[in-house]
């Protein structure tokens, strides 16, 4: 059943239809928020808050965008509110307390390779936590949630050109943080995207 | 092609967003540049590790949402703003004392100058001591009711309507300062149709709210009749995101 049909049923008072909609989008919304908050408990609460906001706001959703775009925007707003409350936009906890480091062992990898992969997972999580909020956000939308540039532009309400340049800066910053954490050699360290971050 | 120019195309390559021409130019550059080939491998490794951070939503997400829809907790019924009990008590007491002339220091000035002090007290919860009271700033009627309930001040009533309106403004200003954002109160509900104010969220008391990026504020204010809104900038003075409130009854 497509989103529009579900939403029509929800507006007629069908809570089961809303349950189906939550089920469909809970994982991308949770991931989007988890990388912004840095911990699972806050992510769970904010993801629930996002869906409750969606429930309350559905009457004002007129399909001017895809439902998913609208929902990701709600999630982004929830994160902004949260980060503002925390007053620490650039200092999300470094605690690697989500399950990222507990990978399922891959039988085709040697123990050494598995250890390396695990170290890399821990490092990437730490590096992400050190990035500016807008860089964490865009990397999550693109790489973890697999949104294309056009949809990211809609979610963030910026031109596609901005998505491109912001993603380039975010990847550059991520690579820099990985190097600082000792997890990535620098083939050459002087490369620049031409637009330095503030 | 310079290596610095290649970087955005490397990202486009990873994201499958390059045009055929861009991809051809990138591949030509990669053939002659070992540094960019190594960089591409690093970016691929980082992306792969990032993608591996993908998590399934925990089951309690769905169950929690549906539970809260079926059994809304009283405190979740509308957006709450937290004010310290003693801050409000002090502010209310100050207004009362001033109103009755019990504090002589203000006698030589304007009689209700205490409104400003009340606002300052409410805006500075750090000095307010322990205990919290909650009330909504989005519905003036509810605000008054809940204030009285929470504070158990019994017969307390605002000395006059002007003072009540000033208190409400003080509440908005205190909220702006505490939340670190600007507050835009729109008394005309039709403003919700403005394109910049997409997806207002409806509260159960009939009020609505949404968040606006600071750079959009100018265009929104330009679209509004000055008599239909009030604006409370955060005292930090910098550009802040704006919480837009549509009080109940404005629609």
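The values are calculated or read from the model by the stated rules, or taken from the named source; none is laboratory data. Every value quoted in this text rests on a predicted model; they were computed, and no experiment measured them. Here the Cβ is made from the backbone with ideal geometry for all residues, glycine too, and neighbour counts use every protein chain on show.
Observations
- Pick from segment A:155-178, criterion in contact (Cβ under 8 Å) with a residue 24 or more places away in the chain and within 27 Å of residue A:63 (Cβ to Cβ), ranking: farthest from the other protein chains (Cβ to nearest Cβ): A:155
- Given (1) more than 21 Å from residue A:44 (Cβ to Cβ); (2) at pLDDT 80 or above; (3) touching a helix residue (DSSP H, G or I) at 6+ places or on another chain (Cβ under 7 Å), index of the condition residue A:144 fails: (1)
- Qualifying residues in segment A:59-88 (those that are touching a residue at least 60 places away in the same chain (Cβ under 8 Å) and part of a loop (DSSP other than H, G, I, E, B)) - the one surrounded by the most Cβ atoms within 10 Å (Cβ to Cβ): A:65
- Tally of residues being more than 7 Å from chain A (Cβ to nearest Cβ) and either out of contact with any helix residue (DSSP H, G or I) (no Cβ under 9 Å at 6 or more places or on another chain) or more than 17 Å from residue A:170 (Cα to Cα) (or both) across segment B:1-45: 23
- Filter result for residue A:53 (part of a helix (DSSP H, G or I), closer than 28 Å to residue B:177 by Cα, over 13 Å from the mean Cα position of the chain (by Cα) and in contact (Cβ under 8 Å) with a residue 12 or more places away in the chain): yes
- Positions within segment B:46-61 being assigned to a helix (DSSP H, G or I), surrounded by fewer than 19 Cβ atoms within 10 Å (Cβ to Cβ) and either facing chain A (nearest Cβ under 7 Å) or within 33 Å of the chain's Cα centre (by Cα) (or both), in sequence order: B:51, B:59, B:60
- Candidates in segment A:19-58 are the residues that are over 21 Å from residue A:137 (Cα atoms) and more than 7 Å from chain B (Cβ to nearest Cβ); of these, the one that is surrounded by the most Cβ atoms within 10 Å (Cβ to Cβ) is A:21.
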